Amino acid sequence: MMLSEMLGLMLAENEGIIVAVILIGLLVFLALFFAQRYKRCPSNKILVVFGKGVGGGASRTIHGGGALILPLIQDYAYLSLEPITVEIDLRGALSKKNIRVNVPASFTIGIGTSPHMMGSAAERLLGLDEGTIRKQAEDIILGQLRLVIATLAIEEINQDREKFLNLINENVASELNKIGLEVINVNIRDITDESGYIEAIGKRAAAEAINAAKVEVAQEEKKGAAGEARENRERVVAVSVEQAAATEGKKKAERDQRIAVARLEAEGVAAEAAASRQQDVAVSRERAEAEAGKKEAQRNQRVALAGLEAQAVEGENTAKADIAARNAALAEAEAEAMRKAQVARVEAQRQIFEKERMLETAKLEKEVIVQQEIAKKRMELEAEAQAEVTRREAKGEADAILLKYEAEAEGIRKVLHAKADGYTKLVLACAERPDIAPTLLLIEKMPELVAEQVKAVQNLKIDKITVWDSGNGANGHGNGGTAGFLSSMIGALPPIHELARQAGVELPGFLGKLNDSEKKGVVVDTKAEKPRA
């Protein structure tokens, strides 16, 4: 009985342990299972949970934190938040003024972390690699960048970079946000154009800045020169005033000294004269001859007094001359100071006018040089066009002349071929009588030979011919002298038979023959002396 109870108790205790172990194992399994299905999201990624039970949308996005992925009905994936650099080498974009510009830029983009952008990125970028995302972003950025450039002029793009970047951010960011991307940074490296317009703007701005700086430097130099001249003038005036005051004080002291000395000397002489006079009076009282001494003393006294008065007047005149000289020196110093001040003022004014003239000359040269460059370019283009027209006209004339000469050469060639054929047929026709061929050819040329004979006498200028004819036929042939003269003149012409004979051709008989008497010509002197009356 005790044993069975003990066995029952043991079995009861074992069942509790088994149940406890099973429960513990089940709990551990569930903990491990849920631990494996709970996915945490790093700070540089977005956790995308998709499947059944993810909410009202196609997926649920989580940034920072985690989510339990239910088995069989849910799954998950990550989207990276790391920045993506997109290099844009935009070439030939058309600006507002129809000037094509090159805008190489670098865009740094990434997936946005706002709920709307994370949802868009989960729908459109989940499962795509970085290269595909970069290609899509590059296409969007290129289109929007061209659109922004088309709304701005070159000056706005080049000078107001902040406005340009704001427009890029607004347009590009709004389009990238549609696929869940946002613009982190935009870096425009450089802006150039194919026509050199931006470079020309830069040169113009540099020239204007240089000219403005030169004007400011000239103005500062003018102020400095004017101030220096003013200070020099004031210094000269002050020195002159002090020197004049010192000279005046010195002259006054010397004058007072001379007057005091003269007064003391006059008083001493007067005292001495009074004592001498008293002594002389006393002596004159006692001696009779004192009168002469008294008179002498009085004379000496008058002479001494006159000398003292003369010395006093001379001292006063000297003092007045010194004062006049001092006043003259002071006036001269003041005049010199005023002259220097005037010279400095005129020099400063001249420098101002010179700087203004140089500025006006530079502006005029700038405008004239620009107009001259435009006129020069226009003249060059007109000269090139005129030269091209001249070249084409010359080429056309040369082609026409060439065609003319070719046509003439072709005609001559055909004529020569025809003559050659005719000569060949003529030689064949005269096969039995080859001596006839030259005769026929000479007959063909007979009109030309006769024409040449006529030319031999047609230009003879015979002023007057005097023939003495007795009419008795002195030549033995019954002809008069005049008839003989004409026959001789005709006989002087080159005979056709003789020409034919020299050419080795014998003319046919129907053309006649010349005898020996006919071959001799009579030469008549056309300069025969006129009969005297």
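The values are calculated or read from the model by the stated rules, or taken from the named source; none is laboratory data. On a predicted model such as this, the values are computed, not experimentally measured, just so you know. When we count neighbours, we look across all protein chains shown, and the Cβ atoms used for this are built from the backbone with ideal geometry, even at glycine.
Suppose we filter ALA253, ALA238, ALA310 for residues that are surrounded by fewer than 11 Cβ atoms within 10 Å (Cβ to Cβ) and at pLDDT 80 or above; which single one remains?
Just a single option satisfies the conditions, and that option is ALA253.
Let me confirm something: among ASN317, ASN300, ASN327, which residue is surrounded by 12 or more Cβ atoms within 10 Å (Cβ to Cβ), under 30 Å from ALA244 (Cα atoms), of a type in the set (S, T, N, Q) and modelled with pLDDT of 75 or more?
ASN327
Write out, first by first residue and then by second, each pair whose Cβ atoms fall under 7 Å of each other, whose residues are 6+ apart or on separate chains, and whose first residue, in the stretch 237-250, is over 11 Å from ALA329 (Cα atoms) while the second is of a type in the set (Gly, Ala, Ser) and surrounded by 12 or more Cβ atoms within 10 Å (Cβ to Cβ).
VAL237/ALA337
A quick yes/no check of all residues on (1) exposed (fewer than 10 other Cβ atoms within 10 Å of the Cβ); (2) hydrophobic (A, V, I, L, M, F, W, C); (3) at pLDDT below 70; (4) not in a helix (DSSP H, G or I):
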| site | (1), (2), (3), (4) |
| --- | --- |
| ILE412 | no, yes, no, no |
| VAL415 | no, yes, no, no |
| GLY422 | no, no, no, no |
| VAL427 | no, yes, no, no |
| PRO434 | yes, no, yes, yes |
| PRO447 | yes, no, no, no |
| GLU452 | no, no, no, no |
| ALA456 | no, yes, yes, no |
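Which count do you get for residues in the stretch 151-198 that are in a helix (DSSP H, G or I) and closer than 30 Å to LEU125 by Cα?
Qualifying residue count, the stretch 151-198: 16.
Say whether the condition of being in a helix (DSSP H, G or I), closer than 29 Å to ARG204 by Cα and modelled with pLDDT of 85 or more is met by at least one residue in the stretch 393-402.
Here is the first cut: in the stretch 393-402, the residues in a helix (DSSP H, G or I) are 393-402.
If we keep only those that are closer than 29 Å to ARG204 by Cα as well, we get none.
The answer is no; no qualifying residue exists.
Test of understanding: among ILE168, ILE201, which residue is of a type in the set (A, V, I, L, M) and more than 19 Å from ILE84 (Cα to Cα)?
ILE201
What residue, of ALA383, ALA375, ALA331, is assigned by TED's automatic domain parsing to the domain that holds ALA213, aliphatic (A, V, I, L, M) and under 20 Å from the mean Cα position of the chain (by Cα)?
It is ALA375.
Look at LEU147 and say whether it is under 30 Å from SER120 (Cβ atoms) and either without any contact (Cβ under 8 Å) to a residue 24 or more places away in the chain or part of a helix (DSSP H, G or I) (or both).
In short, yes.
Which residue is nearest to the chain's Cα centre (by Cα), if the candidates are limited to the stretch 85-135 and must be more than 14 Å from LEU176 (Cβ to Cβ), in a helix (DSSP H, G or I) and small (Gly, Ala, Ser)?
GLY131
Could you please find all residues in the stretch 67-84 being of a type in the set (Ser, Thr, Tyr) and either outside any strand (DSSP E or B) or under 60 Å from the mean Cα position of the chain (by Cα) (or both)?
Residues satisfying the conditions are TYR78, SER80.
Only one residue in ILE323, ILE352, ILE369 is β-branched (Val, Ile, Thr) and under 24 Å from LYS203 (Cβ atoms), so which one is that?
Working: ILE323 fails: under 24 Å from LYS203 (Cβ atoms); ILE352 fails: under 24 Å from LYS203 (Cβ atoms).
When all the criteria are applied, what remains is ILE369.
Given the conditions (1) surrounded by 11 or more Cβ atoms within 10 Å (Cβ to Cβ); (2) at pLDDT 80 or above; (3) more than 29 Å from LYS222 (Cβ to Cβ), report the number of the one that GLU336 does not fulfil.
(3)
Quick check on THR108: is it under 30 Å from GLY65 (Cα atoms) and hydroxyl-bearing (Ser, Thr, Tyr)?
So THR108 fits the description; yes.
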